[in-house]
Amino acid sequence: MQTFLLSGKNLVGIDIGLSAVKIAALDGKNGSYSLSKYIQINLPEGAIIEDEIQKPEDITAAIVEAANQAGISPLVCCLGISGPNTVARKLQLAGGDAEEIEDQVLWEAEQYLPFDIEDSTVDYHLVGENEGGGVDVIVAAAKKDVIVNFKELIEEAGGVVKIADLGIIAVTNVFELVMGDKLNDPEKSYLILDMGAQTTYFIIYKGGMIVFTKEMNVGGVMITEEIQRQMGVNYNEAEDLKITGDENGNLPEEILEIIDDVVETFFSEIKKTIDFYISSTSDESLVSCLVTGGSALIPGILEGLEALLGVDVSVLNPFDAISYKEKNFSEEEINQIAYQGVQVLGLAMRKN
Ligand SMILES: Nc1ncnc2c1ncn2[C@@H]1O[C@H](COP(=O)(O)OP(=O)(O)OP(=O)(O)O)[C@@H](O)[C@H]1O
Ligand SMILES: [Mg+2]
């Protein structure tokens, strides 16, 4: 995995999530980007489970379809990876020259990686010097298998993977782009939540860097599955009922009850994680929470989070920092990208 920005051609971002394959291309660089392409192709039920590929043919077909619709050929991309076989973590190291830092990263990584370092790819990004005279780094690690398996899918679809990056890092890159100078105050910490279909990224950002992350196994598909179970409908019907409601576009009472129940589970997981973070770091400086992901559209979620966290909660809008031509995207598309596209936009910020 390559971490440092080298100047070169813009890569196409590709994000294979539980609900869809998404690709995005940006023009521009150095904090001034404009959206040139975005395509999202929905996947059938259960195409991936965590980071295990269950329906490779469907995913490959979706990648081919996305590339065709975008008119991108060949697909030279930055691939997002996530799941239990990946780790993003801040480390405080003694410092030294590049080789010494690398040794320290590998030594430290070996202590905490939940998988064998021999079977993994480890990379790091130097954030800067810390108060103790050492250096802070963000380490990104992933089991080689995961990268290889996803890479094969892209290759099967005629594409080439130039960089693999962690989804959590891609989302954080968009957060940094959107927040800009507001992040200069080192005493303020922010919670970023990317609430997807199967996973919710929980990221604490403070003093110019990621300081804590967790991938929580909660997401919108839990609601979909409960609708399927209680109402005897299939996956697509349940997704429709959840998102568009009945023929008048209203969410029936039964659906609202299911949503409320599942959202309680989300909130208790988030509460547990934030309490763990606060008790282990004594950080009391959380100033706001930024949310993204399709499940941030669940009715009442922002208000509920605000009550839970006691801080301002708002939607992380990538279009505060990324421009687009109105003639190329409908309002509906822009809305969808604003919620569901943050990770893939972050991947598309990478250059070859
Ligand atoms: N208007 C809406 N109301 C409620 N839920 C919604 C709405 N729109 C989308 N969703 C839900 O958002 C989820 C998809 O969001 P997203 O695209 O962020 O997930 P993903 O990236 O595919 O999943 P993951 O990252 O977990 O693999 C689905 O569960 C979908 O049902
Ligand atoms: Mg996602």
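None of the figures in this text is laboratory data; all of them are computed from the coordinates on show. Source: prediction; values computed, not measured. Heads up, the Cβs are rebuilt from the backbone with ideal geometry, glycines too, and the neighbour counts pull from every protein chain shown.
The table below lists the values:
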| item | result |
| --- | --- |
| The stretch 1-115: C-alpha gyration tensor shape, a/c 1.5 cut-off, then a/b vs b/c | oblate |
| Cubic angstrom per residue, convex hull over Cα atoms of the stretch 285-352 | 112 |
| Cα pair count fraction exceeding 29 Å, expressed as % - the stretch 198-352 | 26 |
| Vicinal HN-Hα couplings computed from phi for the stretch 286-293 (Karplus, 6.51 cos²θ - 1.76 cosθ + 1.60; Hz; Gly/Pro x) | 4, 9, 6, 10, 10, 10, 8, x |
| Ellipticity estimate at 222 nm from DSSP helix runs (n ≥ 4, -39,500 (n - 2.57)) divided over the chain, nearest 500 | -12000 deg cm²/dmol |
| Cα-based Lys proximity count in the stretch 160-305, under 25 Å, for pairs eight or more positions apart or on separate chains | 12 |
| Dipole-positive endmost among N248, N236, N352 within the stretch 214-352 (Cβ charges, Cα centre) | N352 |
| Choice from S34, S189, S280 with maximal GNM fluctuation in the chain (Cα, 10 Å cutoff) | S280 |
| Sorted by Cβ neighbour density within 10 Å, fewest at the top, the residues T265, T292 | T265, T292 |
| Low-density loop cleavage sites - chymotrypsin sites (Phe, Trp or Tyr not before Pro) in the stretch 192-280, where at most 10 other Cβ are within 10 Å (DSSP) | none |
| Among L79, L251, L166, residue whose mean-square fluctuation peaks in a GNM of the chain (springs only between Cα atoms under 10 Å) | L251 |
| Beta bridge orientation in the chain: antiparallel %, DSSP, nearest 5 | 70 |
| At most 16 other Cβ within 10 Å, DSSP loop - chymotrypsin sites (Phe, Trp or Tyr not before Pro), the stretch 141-190 | none |
| Sorted by Cβ neighbour density within 10 Å, fewest at the top, the residues D123, D185 | D185, D123 |
| Dipole of the chain, positive end: most advanced residue of A94, I278, G294 [Cβ charges, Cα centre] | A94 |
| Under 9 Å, Cβ to Cβ, from F202 - net charge with Lys/Arg +1 and Asp/Glu -1 | -2 |
| Taking all pairs of distinct alpha-carbon atoms in the stretch 245-336, Kirkwood radius in angstrom | 15.8 |
| Gyration tensor over alpha-carbon atoms, the chain, equivalent ellipsoid semi-axes in Å | 31, 25, 20 |
| Given charges at beta-carbon only (K, R positive; D, E negative), |dipole| of the stretch 265-339 in Debye | 160 |
| Most fluctuating residue given options I278, I301, I138, as computed from a GNM of the chain linking Cα atoms under 10 Å | I278 |
| Net dipole in debye of the stretch 1-156 [+1 Lys, Arg Cβ; -1 Asp, Glu Cβ; about Cα centre; nearest 20] | 880 |
| For the stretch 323-332, 3J(HN,Hα) per residue [Karplus equation, 6.51 cos²θ - 1.76 cosθ + 1.60, θ = phi - 60°, Hz, x = Gly/Pro] | 8, 7, 8, 4, 6, 8, 9, 6, 4, 4 |
| Reachable aspartates and glutamates, given that their alpha-carbon falls under 18 Å from the alpha-carbon of K37 and they are not under 8 places away in the same chain | D15, D27, E65, D320, E326, E331, E332, E333 |
| Exposed GluC sites (Glu not before Pro) absent - longest run of the chain, DSSP non-H/G/I/E/B, at most 11 other C-beta within 10 Å | 1-130 |
| Total charge dipole magnitude, the chain, about the Cα centre, Cβ charges on Lys, Arg, Asp, Glu only, Debye to nearest 20 | 1140 |
| Vicinal HN-Hα couplings computed from phi for the stretch 336-352 (Karplus, 6.51 cos²θ - 1.76 cosθ + 1.60; Hz; Gly/Pro x) | 5, 5, 4, 8, 9, x, 4, 4, 5, 5, x, 5, 6, 6, 7, 10, 6 |
